[in-house]
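The structure under discussion appears below in the form of structure tokens.
The values are calculated or read from the model by the stated rules, or taken from the named source; none is laboratory data. The structure displayed is predicted, hence computed values, not measured ones. For neighbour counting, all protein chains shown are included, and Cβ atoms are generated from backbone atoms with ideal geometry for every residue, glycine included. Quick note on the areas: whole protein, heavy atoms, side chains included, nothing else; ligands and nucleic acids left out. Shrake-Rupley method; radii C 1.70, N 1.55, O 1.52, S 1.80 Å.
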Amino acid sequence: MRLYAAVAVSGFKRYATYRVATVAGVFTNTVFGFILAYTYTALWDERPHLGGYDLAQALTFVWLGQALLAAVALMGGGFQEELQERIRSGDIAVDLYRPVDLQMWWLATELGRAAFQLLGRGVVPMAVGALVFELRLPASPLTWLWFLLAVALAVCVGFAVRYLVSLASFWLLDGTGLSMLSGLLCLFFSGMILPLNVFPGRLGEIARALPWAAMLQVPADIFLEERRGSGLLEALGFQAGWAVALLAAGRALQSVATRKVVVQGG
């Protein structure tokens, strides 16, 4: 575990070197936060308490989305492109010879990256949003701890989904199309475009049961204290369940892919 902790720290330091990119990301997230905030304001003026949220909760959801956008990689990115390129070029064979677990290595790297993005690109947009708009911040200090746990689980779920997509490159000549499809599904079903509570009927039920809901909707509901007591445990269990299931699926697919590399002489 000390090795993977060191890998996570290395991932944090690696992304901390891109200072200009970080500043540009903060600016972009803040601008889009304002655009979405005023859009939500117009929508909630017409439909008060849409999806069970009042305006302050809806605006908080907007800025949480911008704060978590890079940390949870809701639009893709992170390790995914690098791993896909290593598979395409054949450099993955070197990774498989290392005395470390491939999945754990990339997960540790992703956790380090996410920690930096949460601090580097998440705090400032959220602070700006809180200064300009009336947001619904947690009343209990414990809520902040539960929220950070939910974010960590969200990162794990997001990693697991993108790891499965990346491994598909063992069979595809180019994984770009699948990555784009995965990103679009994440934007729609995570709640990044609209909170999943707004989705009507069966569509809403399906959306809230899919793994992408664990990446934004669940952490946001915990932050807004919509989940308390048994509901809070159920929400965290939902995230943990999807994380375990998807990581297990990734390990199974990794095993199949590894045999493929050996058979092909990679």
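Summary of computed values
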quantity: Residue within the range 13-20 that is open to solvent by less than 20 Å² (accessible area, probe 1.4 Å) and either closer than 19 Å to Thr109 by Cα or part of a helix (DSSP H, G or I) (or both) present; calculated: no
quantity: Selection from the range 82-119 of residues that are open to solvent by 50 Å² or more (accessible area, probe 1.4 Å) and part of a helix (DSSP H, G or I); calculated: Glu82, Glu85, Arg86, Arg88, Ser89, Val94, Leu96, Tyr97, Met104, Trp105, Leu111, Leu119
quantity: The range 90-106, residues that are in contact (Cβ under 8 Å) with a residue 60 or more places away in the chain and not aromatic (Phe, Trp, Tyr); calculated: Gly90, Ile92, Ala93, Leu96, Val100, Leu102, Gln103, Met104
quantity: Residue among Glu110, Glu81, Glu46 that alone is acidic (Asp, Glu) and farther than 23 Å from Leu187 by Cβ; calculated: Glu46
quantity: Pick from the range 120-169, criterion hydrophobic (A, V, I, L, M, F, W, C) and assigned to a loop (DSSP other than H, G, I, E, B), ranking: surrounded by the most Cβ atoms within 10 Å (Cβ to Cβ); calculated: Leu135
quantity: Top-ranked residue of the range 170-180 - restricted to ones that are surrounded by 19 or more Cβ atoms within 10 Å (Cβ to Cβ) and either acidic (Asp, Glu) or within 15 Å of Ile92 (Cβ to Cβ) (or both), ranked as modelled with the lowest pLDDT; calculated: Gly175
quantity: All positions within the range 188-211 that are in a helix (DSSP H, G or I), open to solvent by 40 Å² or more (accessible area, probe 1.4 Å) and either within 22 Å of Gly122 (Cβ to Cβ) or not charged (D, E, K, R) (or both); calculated: Phe188, Asn197, Gly201, Leu203, Ile206, Ala209
quantity: Number of the exception - Glu225 against (1) on the phi > 0 side of the Ramachandran plot; (2) exposed (fewer than 13 other Cβ atoms within 10 Å of the Cβ); calculated: (2)
quantity: Qualifying residue in the range 60-81 (condition: outside any helix (DSSP H, G or I), of a type outside the set (Asp, Glu), open to solvent by 20 Å² or more (accessible area, probe 1.4 Å) and on the phi < 0 side of the Ramachandran plot); calculated: yes
quantity: Selection from the range 36-53 of residues that are without any contact (Cβ under 8 Å) to a residue 40 or more places away in the chain and either surrounded by fewer than 19 Cβ atoms within 10 Å (Cβ to Cβ) or within 17 Å of Gln217 (Cβ to Cβ) (or both); calculated: Leu36, Tyr38, Thr39, Tyr40, Thr41, Ala42, Leu43, Asp45, Glu46, Arg47, Pro48, His49
quantity: Check on Ala5, without any contact (Cβ under 8 Å) to a residue 40 or more places away in the chain and assigned to a helix (DSSP H, G or I); calculated: no
quantity: Candidates Val165, Val151, filtered to the one that is within 18 Å of Ile92 (Cα to Cα) and among the aliphatic types (A, V, I, L, M); calculated: Val165
